[in-house]
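Q: Handing you this structure, nothing more for now.
Derivation of every value follows stated rules applied to the coordinates shown; laboratory data play no part. For clarity, every value in this text was computed on a predicted model and none was experimentally measured. With ideal geometry, Cβ positions are generated from the backbone for all residues, glycine too; neighbour counts draw on all protein chains shown.
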Amino acid sequence: MKFICLTLLFVSGITDSRSEQYEVVGPADPVFAVAGEDVILPCSVKPSISVVDMRVEWFRLDLKDSVHLYDDHEDRNTEQIQSYRGRTKLNHQELQTGNASLKLSTVRVSDEGLYKCFIQSKSWSDDVTVDVSVEAVGRPPVITVDGFDRSGGLHLQCESEGWYPEPDLEWLDSEGVSLSSETTETHRNSDRFSLKNTIIVYHSGKIHCRVKLRHHMLETLINTTNNIFISWRTSVILSSVFVVLAVIAGILITVFALKNRALDQLPNEHRKIQHERDHLLKTLKTTLPKVKVTLDADSAHRYLIVSRDGKQVREGNRNTVNEGNNRFDEYLGVLGKDGFSSGSFYFEVQVKDQTEWDLGVARESVDRESDLSPAVGYWTVSRNDERYSARDSSYVSLSLREDLQRVGVFVDYEKGLVSFYDVESMSHIYSYTGQSFNEKLCPFVCLGFLYNYNPTPLIICD
């Protein structure tokens with residue numbers, strides 16, 4: 001009798017064990033994610049039984065540390081990898097149907113890799129590997145004209161930055177036919193790639209510069225019409241003639257001035273012009289609706305240091321700070337504390353000796369992880385090394401005679417106008433017109449994308 005009971009218990013145990021067996025399944029192909037967006041890493045059990053009472057753990061194979069742990073009916077992430085804090089989530093209701101998929105928020109390039117989904121019951125366990133591939137879409141390519149060579153070919157240069165993995169760059173004509181070009185210069189800054197490529201064209205028409213990854217592509221075009229060719233060649237000829245005539249005229253003027261002993265009048269005339277210029281500048285500044293701007297340190301990128309008075313910001317902070325949803329994540333940006341939703345206002349920012357910056361205004365609730373464009377809610381002008389630009393519907397290259405020292409920003413809310421001025425020379429830089437504002441606009445300054453090794457601060461001028 002005892003033998004029969006033991007046999008029944010043994011068979012019952014085997015039956016229970018088999019009834020609890022399951023298979024952990026995931027995607028056969030890699031999961032593609034876009035930097036800055038959210039992604040779901042699929043994982044479930046087959047057959048679809050509840051895993052509420054089981055242990056569910058996600059971890060990285062290369063790091064061998066926990067990405068997310070669910071055990072004893074709750075999340076237990078005290079040993080979680082620091083970079084994943086606050087970015088992982090399991091849907092506890094879905095666990096009842098065997099779905100243990102992990103939601104990963106605000107994807108980073110560093111999230112790329114192999115993940116393991118491990119599910120363990122009291123008497124069984126299984127796992128599956130999920131391959132995550134991340135793509136980061138960079139800035140739209142910028143085409144600049146570098147002039148003609150001796151054979152009459154037009155030199156065009158295309159640049160773009162902020163991509164991952166390394167993208168392909170190609171030139172296309174108006175028919176979509178690929179054009180041969182020089183070797184692409186590629187640089188890796190932190191975890192992103194920047195590209196530069198030059199082409200020489202000998203015909204008119206639309207020329208496209210295209211930068212693409214497996215799932216994303218950005219493109220810019222330039223229309224090299226016959227008029228452009230003619231105007232460029234004509235300008236080169238006229239410039240040469242002008243230089244010769246200027247030299248001759250200079251000699252004649254100098255001889256004439258010496259003969260009439262009139263050189264002493266020139267300093268007086270210069271002083272008169274300077275006095276009128278200073279007077280006009282003072283008049284302009286007294287009529288502009290200038291506001292006091294204080295930077296909001298709580299919105300600043302974690303690498304930025306904002307002065308106590310909120311008037312200066314520079315890069316250099318590597319301490320652990322509360323990241324939060326309100327901070328900028330990739331652009332080294334910071335907003336002003338106060339916003340404006342009517343009327344007009346004006347403020348100035350000192351940019352002297354800083355070689356990487358963006359400044360202007362932004363919507364109060366603007367996306368802290370998107371590109372700096374009017375479509376998203378940013379109206380700015382920028383400097384990148386020795387190039388100045390604005391970001392309207394496409395990139396606009398700005399030609400300035402001298403490096404900017406102080407930039408004035410004027411906003412007329414009702415007219416949808418944002419204008420930028422060179423304060424030193426009292427000259428206009430660029431204007432966004434016909435814009436539509438429907439919420440508060442805040443002053444915005446930025447020290448570039450991802451990093452800035454120049455310690456010079458941007459300063460809000462009183």
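Q: Distance from the Cα centre of region 79-157 to that of region 339-362, in angstrom?
A: Result: 34 Å between the Cα centres.
Q: Right, next: Once fully extended, how much extra length lies between D367 and Q93, figured as 0.36 nm per residue of separation less the alpha-carbon to alpha-carbon distance?
A: In short, 95.6 nm is gained.
Q: Could you check the spin-label model distance between T355 and D53? Points 7 Å from the Cα along Cα→Cβ, value in nm.
A: So the two model labels end up 6.6 nm from each other.
Q: Once phi is turned into θ = phi - 60°, what whole-Hz ³J(HN,Hα) does the Karplus curve with 6.51, -1.76 and 1.60 give for every residue of region 108-119, x standing for Gly and Pro?
A: For region 108-119, the Karplus curve yields 10, 4, 5, 6, 5, x, 9, 10, 10, 9, 10, 10 Hz.
Q: Binning at 5 angstrom from zero up to the longest distance, how are the C-alpha pair distances of region 21-118 distributed in percent?
A: Per 5 Å bin, starting at zero, the Cα-Cα P(r) for region 21-118 comes out as 3, 13, 25, 27, 19, 11, 3, 0 percent.
Q: To continue, here is another question. Among K89/K122; K290/K337; K89/K116, which pairs are too far apart, with a Cα-Cα distance over 20 Å?
A: In this structure, K89/K122 lie more than 20 Å apart at Cα.
Q: Given K311/K352; K415/K440; K196/K352, which pairs have Cα atoms separated by over 19 Å?
A: Beyond 19 Å between Cα atoms: K196/K352.
Q: To continue, here is another question. Could you order the peptides 203-215, 83-95 from most to least packed, using the average number of other C-beta atoms within 10 Å per residue?
A: Details: 203-215: 17.3, 83-95: 15.2.
In decreasing order of mean packing, 203-215, 83-95 become 203-215, 83-95.
Q: Could you list which residues have their amide H under 5 Å from that of K206, counting only those 5 or more apart in sequence or on another chain, with H placed in the peptide plane?
A: S174, T224
Q: Give me the extension gain from D126 to D462: residue separation times 0.36 nm, minus the current Cα-Cα distance, reported in nm with one decimal.
A: On the way: separation 336, 0.36 × 336 = 120.96 nm, distance 6.46 nm.
Length difference between fully extended and current span is 114.5 nm.
Q: Starting from the Cα-Cα distance between L398 and I305, subtract it from 0.36 nm times their residue separation and give me the gain in nm to one decimal.
A: Computed gain between L398 and I305 is 30.6 nm.
Q: Quick one: which residues, 5 or more positions from Y388 or on another chain, have an amide H under 5 Å from its amide H? H modelled 1.01 Å from N in the peptide plane, none for Pro or chain starts.
A: The answer is L398.
Q: With θ taken as phi - 60° and the coefficients 6.51, -1.76 and 1.60, list the Karplus ³J(HN,Hα) couplings across region 355-364 in order, rounded to whole Hz; mark glycine and proline as x.
A: Per-residue couplings from phi come out as 9, 9, 7, 9, 8, x, 9, 8, 4, 4 Hz.
Q: If amide H atoms are built 1.01 Å from N in the plane of the peptide, which residues on other chains or at least 5 residues away come under 5 Å of the amide H of F32?
A: So F32 has HN proximity to S133.
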